[in-house]
Structure formats: C-alpha cells, structure tokens
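*Asks:* After the structure tokens below, expect a handful of questions from me.
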C-alpha cells in the first residue's frame, strides 16, 4: 500500500492585477454568489464547515488525479467562495460611491 503523496502547489496571494477578461469573469462569479441562485451557491449555503472543507479537498484530490473535470473544480471553488461570503456576511456589501447624489 502506498502512503499519501505530497502535492506541490503554487499559491501566491497576488501575482499582479488580473487581465480584463479575468476581472469580468470574477465580477460575474461574484454576481452568482450575490444572486444566490446558482446550484453551487445554494448548496454551499446549507453546508457545515466540515462539509465545505471535505468538498474542496476531495475536489482538489480528484483533479490532481485526473478524475475530476474542470467544471466540478469551478463548482467547488464557487461553493467555497459562496460559503465564506455568506458566513461572513460580505456578499451583499457594495462599494459606496463617494460622490454626493445627483439632484
């Protein structure tokens, strides 16, 4: 029996600004979280911390082994982001416009 294998990752908090296309995709995904209508978002809202952690780790492990398609990886990432956003009540906060209202 083989023991656990070490998976090398490259995670950096900030590699510079995202491309315009990636930025738009990020806003679109945030919109899915804020709307709360996507199946991944709806599922995540009901999960406990150990369940969301298991989902993320199982998805990462399956992807590493070539057993999980990219769509499931995206679903797990969206679920994780939605869970964090809803648990910390940041999903509905919007930036405030510093300009006074137009009259």
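*Asks:* Mind checking the full-extension length gain between residue 87 and residue 27? Use 0.36 nm per residue of separation minus the Cα-Cα distance, one decimal, nm.
*Replies:* Stretched fully, the residue 87-residue 27 segment lengthens by 19.7 nm.
*Asks:* What shape does region 1-89 have by the C-alpha gyration tensor, where a ≥ b ≥ c are the square roots of the eigenvalues, rounded means a/c under 1.5, and otherwise prolate means a/b greater than b/c and oblate the rest? Please report the intermediate quantities before stating the final value.
*Replies:* Numbers: a/c = 1.97, a/b = 1.28, b/c = 1.54.
The shape class here is oblate.
*Asks:* Ok, one more. Quick check on region 39-92: take the gyration tensor over C-alpha atoms, sort the square-rooted eigenvalues as a ≥ b ≥ c, and tell me if it's rounded (a/c under 1.5), prolate or oblate.
*Replies:* In terms of gyration-tensor shape, prolate.
Every number in this text was worked out from the coordinates using simple rules, so none of it is lab data. Since the structure is predicted, the reported quantities are computational estimates derived from the model, not experimental observations.
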